[in-house]
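K.L.:
Below you will find the structure I want to go over with you.
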Amino acid sequence: STGSVAPSVAPRGIPPGRLTLDLIEAALLTVLWYIQIVQKSQADGSSATIRLELPSIVSHLRSVCAELLLADSNPYVRFQAFSCYMCLVQLAVGVSDKFGLELPGDDSSLDASSCAGTFPVHISTS
């Protein structure tokens, strides 16, 4: 016995920590890229499909990050999930006054009040 410990293997179906870190970063970068596409092409309306789907994408990624933060045992994965979650929260609040990344509670449309209007922001106080 040399005293060496066998490397731990993740359970089947769960990616290793390094891959999880890469996936979190890639997902966040993809969301950031989509936001830039929407903001740059907002005037001509060519990104309407992405604009409609982006709030649900951001919401899903935020919930995945929250799950990782609570359930993963790797501190690096938990830190990356926390960092990604906080970045998404900051983006949801300050992305634009005419474009929102929050899903409404009543499944209503996510449109600004007018073409030159602002996006209604709802801040929960509870």
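Read-outs throughout are calculated quantities, based only on the coordinates presented, and are distinct from any laboratory measurement. All values reported here derive from a predicted model rather than from experimental measurement. Here the Cβ is made from the backbone with ideal geometry for all residues, glycine too, and neighbour counts use every protein chain on show.
K.L.:
Which whole-Hz couplings ³J(HN,Hα) result when phi for each residue of the range 14-26 is put into the Karplus expression 6.51 cos²θ - 1.76 cosθ + 1.60, θ = phi - 60°, listed in order with x for Gly and Pro?
P.N.:
Those phi angles translate into 10, x, x, x, 4, 5, 4, 4, 5, 5, 4, 5, 5 Hz.
K.L.:
Mind checking the full-extension length gain between L23 and M86? Use 0.36 nm per residue of separation minus the Cα-Cα distance, one decimal, nm. Could the numbers behind the result be given before it?
P.N.:
Numbers: separation 63, 0.36 × 63 = 22.68 nm, distance 1.65 nm.
Length gained between L23 and M86: 21.0 nm.
K.L.:
Report the net charge of residues surrounding N74, where surrounding means a beta-carbon distance below 15 angstrom and charges are Lys +1, Arg +1, Asp -1, Glu -1. Walk me through the numbers on the way to the answer.
P.N.:
On the way: positive: R18, R78; negative: D22, E25, E67, D72.
Net charge around N74: -2.
K.L.:
Continuing with the same structure: Starting from the Cα of F79, step 7 Å along the direction of its Cβ; do the same at I50; then give the gap between the two resulting points in nm.
P.N.:
Taking the simple label geometry, F79 and I50 are separated by 3.2 nm.
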